[in-house]
Amino acid sequence: MIDFTVVDLARLQFAATALYHFLFVPLTLGLSFMMAIMESVYVMTGRPVWRRMTLFWGTLFGINFAMGVATGIVMEFQFGMNWSYYSHYVGDVFGAPLAIEGLMAFFLEATFIGLFFFGWDRLSKVGHLIVTWLTAFGANFSALWILVANGWMQNPVGARFNPDTMRMEVTNFAEVIFNPVAQAKFVHTVSAGYTTGAMFVMAISAFYLLRGRHVDLAKRSMAVAASFGLASALSVVVLGDESGYVATEHQRMKIAAVEAMWETEPAPAGLTLFALPGKDGNAYEVKIPWILGLITTRSLNTEVPGIRPLVEHAETRIRSGMQAAADLEAIKADPKNQAAREAFAANWKDLGYGLLLKRYRDDVQNATPEEIRKAALDTVPDVAVLFWSFRIMVAMGLYMIGFFALALVLSTLHRLRQTPAFLKLAFFSLPVPWIAIESGWLVAEYGRQPWAIEGVLPTFYAASGLSVVDLAISLGFFVTLYTALLGVMVYLMVKTIKAGPASYTLLEGLQGSSRFPEAAAANPSR
Amino acid sequence: MTQLPLDYETLRLVWWLLLGVLLIGFAIMDGFDLGIGALLPFAARTDEERRTLINLVGPTWEGNQVWLILGGGAIFAAWPALYAVSFSGFYLAMITILLALILRPVGFKFRGKIADPRWRALWDWALFIGGFVPALIFGVAVGNVLLGVPFGLDGTLRPSYEGTFFGLLRPFALVSGLVSVAMLVAHGAAVIALRTEGPVAERAGAYGRMAAAAGFVLFLLAGLWVAFLLPGYVVTSVQDVFGPSNPLNKTVTLAAGGWMANYAAHPWMIAAPVLGLGGLLVATLTLGRSALVGLAATTLAITGIIATAGLSLFPFLLPSSLDPAVSLTVWDASSSHMTLFIMLVSTLIFLPIVLAYTAWVYRVMRGPVTPASIGRNPNAY
């Protein structure tokens, strides 16, 4: 039988390591592009301040990148370690984008990041600029493939269950890649990363301007960050992944939970501004009419279903899933049973719903009505957590649009230094994008529960058969090491920021002055 | 699915070869980083010397480590059952590897940021652990695969594991672990000898010759152990090489000298262990004296040693000591025909590109690493 303590600990470990990894990834995505923009300006104008900017932000980027790499290895291996049944069950589909991520994206990023730091005196100006851009593109391709994999967890298209191998197998890989949920998530997530990078640059530059230090560098950095940040913050909200939410049944459940909307409302549904969601309804709520229906369905007459009707529907699918499980047993007993194969081919899509019953009994085909009801109620995610994390995320997103718009106005009017109140606001806004992205992760992934793969594989059924001791040891080590490293990282970042970019002047005039004559000869422009 | 241009049997064989290519690629490319990490406190004594080694590895180790990440991803995609069973079965060993590997990126990046000697010594030992521990455990894991791993599969193909962490430390597995350490330390030393000058290069050469000699003896010992003492696994039913990937459809027995069967049937395969031994022997004689020959020798030795493990096991990927019939083989633990094909196309497109730009980066960064060359770069570690 499944040990639910182990499942809960494995989930806690995955959430902790993923949320932690996700502190560094968005900053990598955003800063890499901003560095590439700054270096492009340097190459075009030849003004050394832009190279100093690239080097300074690059140093902070490097500290952050090291943490991203350190915590990323864990993510690549953790599926097999803690989610071995998941790995067997969906590896045929889910493993491919992860492997392609390594081949196409992470190799690019990780190979050129070394040259970004070590190639300044060995490459021409343009050569180094290309390296910087390739690093940034590598990081963003990485995000694409990871989100193709993640999008498939939310909307498992292009695959079907094979009773002979007891797992999901690819039928159409193009559907997996062009999964609308994956594409929406990609745009939303990388835009959130760009916003994070922009806020990071804004806050630290504001600190310098408040102190009157490194004014040239800080003013220009803020100008870049303001425009980049405004464009990104707008795209996060406008291209929010709500557009992907209508795609599937559980995504609808997620929307209903996010809105704490228990019953289906006449279209277009109202947006719940405030509520106190309980386990079975809201104690109190304030609604704005029409808005939700317009956002999620982009129409006036499409209904957004509520939680209770979705539970009823889940119950129907669980009953069908029991039959699918029975057919699968018949195929296993006699692989030549054609009648069972045909029956299974007709309703295999509900097998995952049948597996929800594994929480209550092993022989799911004999489940009682009470067990079916309990399993159907299990499809409701934690409404209160989703409701509030979504609102926090949206509030932070809207705040950042206003913030960057103001920043752009002040920067364009050259009034940044004369507005210390704004500079203070910028400095204290530093945590805002991180609050938004971690809340967003909770909405997307905690909101996916009880599924590991929506409608296909329940989370509790996907875990490895490890012991509580195994999990206690690994979780203890991760928490200790990660906490210590975060402390060291923040300390080094603060130290680097306080020291400022001055020390980089020693590189002036060095670029391209390689001691390799043939490299210099290959770049006759100098 | 019959419309795919390559049949299922061929694709499984190709992916078995590619698994070998990725593991050998990892051991050659990131292996010298691990070896240099393990040598760091010994081959380099002053801070300047240690910075020389760290900055030798610094510009390229991140790209090299992707061989490991890609190895993990490719096993997930092409051999999902292997990924599921081995990573969860070796859970605490994997956690130990991960903790050691986590120390590397931060070690390289953080060490040079503060000049305090205690701070730097702390990260020197972190980098030592980050190199030595994975090198050892990867070898121990391969040894355990040859011994058989105590896992089972139920009717839904859910893996279970009956072993413990300390159960991995059996004598043969420890010898394998030491072979791995010796081979990677020798390889790391060969790179140091090629890329640095002065006392560090000399010390690395001496350690490298010792490691290569020890590797030679240990690899020979492991080979004799496999040939004369260790029972191997043999499939006793006919496996459908085109069939669905389900490890429950065969029978397997243990036989004395079973891991030698492939060499008896295909004598050319003996080239692999000969290459391993020959490479280590040449490395013992030349390492640090003729830098290029030494590096070529350790590179060939790594290729031969990993190929030996793979060829001995074939067609097994992961034999089960608990229930030999559920052992994972090349014919029953792969991805679907379609996925293997898609992954092969992706690999044929992207791997040559990766190799090309990696070669270019090494070309840009070529030349000896000296205190003067480090001093010129404000980004140096």
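The values are calculated or read from the model by the stated rules, or taken from the named source; none is laboratory data. Note that the structure is predicted; figures quoted are calculated from it, not measured. Using ideal geometry, Cβ is built from the backbone for each residue, glycine included, and neighbour counts are taken over all protein chains shown.
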Legend entry - Checking A:A36 against (1) surrounded by fewer than 24 Cβ atoms within 10 Å (Cβ to Cβ); (2) closer than 15 Å to B:P105 by Cα, the condition it does not meet: (2)
Inset, instruction - Working only within the stretch A:388-423, note down all residues that are under 11 Å from A:A226 (Cβ atoms) and of a type in the set (S, T, Y). - result: A:S411, A:T412
Legend entry - Test result for B:L18, crowded, with 23+ Cβ neighbours inside 10 Å and either more than 14 Å from every other protein chain (Cβ to nearest Cβ) or within 21 Å of the chain's Cα centre (by Cα) (or both): no
Legend entry - Identity of the residue in the stretch A:129-148, touching an Asp or Glu at 6+ places or on another chain (Cβ under 7 Å) and within 12 Å of chain B (Cβ to nearest Cβ), that ends up surrounded by the fewest Cβ atoms within 10 Å (Cβ to Cβ): A:G138
Legend entry - Conditions (1) aromatic (F, W, Y); (2) surrounded by fewer than 24 Cβ atoms within 10 Å (Cβ to Cβ); (3) more than 8 Å from chain B (Cβ to nearest Cβ); number of the one not met by A:F61: (2)
Legend entry - Flag if B:L300 is surrounded by fewer than 18 Cβ atoms within 10 Å (Cβ to Cβ), more than 20 Å from B:G143 (Cβ to Cβ) and away from chain A (no Cβ under 14 Å): no
Legend entry - Among the residues listed as A:M34, A:M44, the single one being free of Cβ contacts under 8 Å to residues at least 40 places away in the same chain and aliphatic (A, V, I, L, M): A:M44
Inset, instruction - Considering every residue within the stretch A:360-373, establish whether at least one is closer than 30 Å to B:G89 by Cβ, of a type in the set (F, W, Y) and surrounded by fewer than 17 Cβ atoms within 10 Å (Cβ to Cβ). - result: yes
Legend entry - A:F173 being over 19 Å from A:A36 (Cα atoms) and more than 7 Å from chain B (Cβ to nearest Cβ): no
Inset, instruction - Go through the residues of the stretch A:506-522 one by one and say whether even a single one is more than 30 Å from B:S86 (Cβ to Cβ), assigned to a helix (DSSP H, G or I) and at pLDDT 90 or above. - result: no
Inset, instruction - Give me a count of the residues in the stretch A:80-111 that are more than 7 Å from chain B (Cβ to nearest Cβ) and hydrophobic (A, V, I, L, M, F, W, C). - result: 6
Legend entry - Condition met for A:G447 (over 30 Å from A:L217 (Cβ atoms), crowded, with 18+ Cβ neighbours inside 10 Å, more than 9 Å from chain B (Cβ to nearest Cβ) and at pLDDT below 95): yes
Inset, instruction - Could you check A:F77 against (1) surrounded by fewer than 24 Cβ atoms within 10 Å (Cβ to Cβ); (2) over 24 Å from A:A192 (Cβ atoms); (3) more than 7 Å from chain B (Cβ to nearest Cβ); (4) not acidic (D, E) and say which number it fails? - result: (3)
Inset, instruction - Go through B:A283, B:A309 for me and flag whichever is closer than 30 Å to A:R167 by Cα, of a type in the set (A, V, I, L, M) and surrounded by 23 or more Cβ atoms within 10 Å (Cβ to Cβ). - result: B:A309
Legend entry - Verdict on A:F56 being within 20 Å of the chain's Cα centre (by Cα), crowded, with 24+ Cβ neighbours inside 10 Å and within 11 Å of chain B (Cβ to nearest Cβ): no
Legend entry - Number of the condition not met by A:L466 [criteria: (1) buried (at least 16 other Cβ atoms within 10 Å of the Cβ); (2) in a helix (DSSP H, G or I)]: (2)
Inset, instruction - Kindly check whether there is at least one residue in the stretch B:244-259 that is assigned to a helix (DSSP H, G or I) and over 19 Å from A:T165 (Cβ atoms). - result: yes
Inset, instruction - Please specify each residue of the stretch A:112-128 satisfying the condition of being at the interface with chain B (Cβ under 7 Å from one of its Cβ atoms) and not hydrophobic (A, V, I, L, M, F, W, C). - result: A:G114, A:G119, A:D121, A:R122
Legend entry - Flag if B:R376 is modelled with pLDDT under 90 and within 30 Å of B:I192 (Cβ to Cβ): yes
Legend entry - Subset of the stretch B:80-107 that is farther than 17 Å from A:N82 by Cα and more than 7 Å from every other protein chain (Cβ to nearest Cβ) - its residue that is nearest to the chain's Cα centre (by Cα): B:A100
Inset, instruction - Residue by residue through the stretch B:327-381, note down the ones that are among the hydroxyl-bearing types (S, T, Y), without any contact (Cβ under 8 Å) to a residue 12 or more places away in the chain and under 30 Å from A:E169 (Cα atoms). - result: B:S346
Legend entry - Spans of helices (runs of 4 or more DSSP H) in the stretch A:311-387 with at least 1 residues closer than 25 Å to A:A444 by Cβ: A:351-355, A:369-377
Legend entry - Residues within the stretch A:166-193 that are within 30 Å of B:P244 (Cα to Cα) and small (G, A, S), tallied: 2
